[in-house]
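Notes follow the structure.
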Amino acid sequence: MHYIKGRRSLEVMQRTPDLKLLQWYDSKFSKTKVFSFGSITYLILALISVFPEDFVVKISNFFDKTFSVKRSAFKFVSIAEK
């Protein structure tokens, strides 16, 4: 969507790592941890129209901590040690 609106370049989208690349990093480093965030980001606007924003943020944080949904995550943090 940001690409269509001109807010992201095609190069940025092509350089964004996917699960396959993260698994490759996992095989190259002795210790890796991947934390995923924003697994229900696509629902946030709909939920905010029904529930208060602070409640929706708590729901989103709950999903991120409880379920390891990597495919729909909006952001991730990867920590790797050699």
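The values are calculated or read from the model by the stated rules, or taken from the named source; none is laboratory data. Predicted model only: the values in this text are computed from it and were never measured. With ideal geometry, Cβ positions are generated from the backbone for all residues, glycine too; neighbour counts draw on all protein chains shown.
Brief remarks on what is shown
- Taking first residues from the stretch 69-82 that are surrounded by fewer than 13 Cβ atoms within 10 Å (Cβ to Cβ) and partners that are of a type in the set (A, V, I, L, M) and modelled with pLDDT under 75, no Cβ contact under 6 Å between residues at least 6 apart in sequence or on separate chains turns up.
- Matching option when the condition is within 17 Å of residue 77 (Cα to Cα) and either among the hydrophobic types (A, V, I, L, M, F, W, C) or at pLDDT 80 or above (or both), among 40, 44, 48: 40
- Single residue of the stretch 58-68 satisfying the filter (modelled with pLDDT of 85 or more and loosely packed, with under 14 Cβ neighbours inside 10 Å) that is farthest from the chain's Cα centre (by Cα): 58
- Test: residue in the stretch 5-18 that is surrounded by fewer than 10 Cβ atoms within 10 Å (Cβ to Cβ) and touching a Phe, Trp or Tyr at 6+ places or on another chain (Cβ under 9 Å): yes
- Screening the stretch 1-57 for helices (runs of 4 or more DSSP H) wholly inside it with 1 or more residues that are closer than 30 Å to residue 80 by Cα returns the ranges 10-15, 19-28.
- From the options 9, 49, 30, 78, residue that is under 15 Å from the mean Cα position of the chain (by Cα) and among the small types (Gly, Ala, Ser): 78
- Exactly one residue among 19, 10, 47 is aliphatic (A, V, I, L, M) and touching a Lys or Arg at 6+ places or on another chain (Cβ under 8 Å), and that residue is 19.
- Hits in the stretch 26-82 (condition: over 22 Å from residue 16 (Cβ atoms) and among the hydroxyl-bearing types (Ser, Thr, Tyr)): 30, 49, 66
- On the stretch given as the stretch 29-57, residues that are exposed (fewer than 10 other Cβ atoms within 10 Å of the Cβ) and touching a residue at least 12 places away in the same chain (Cβ under 8 Å) total 2.
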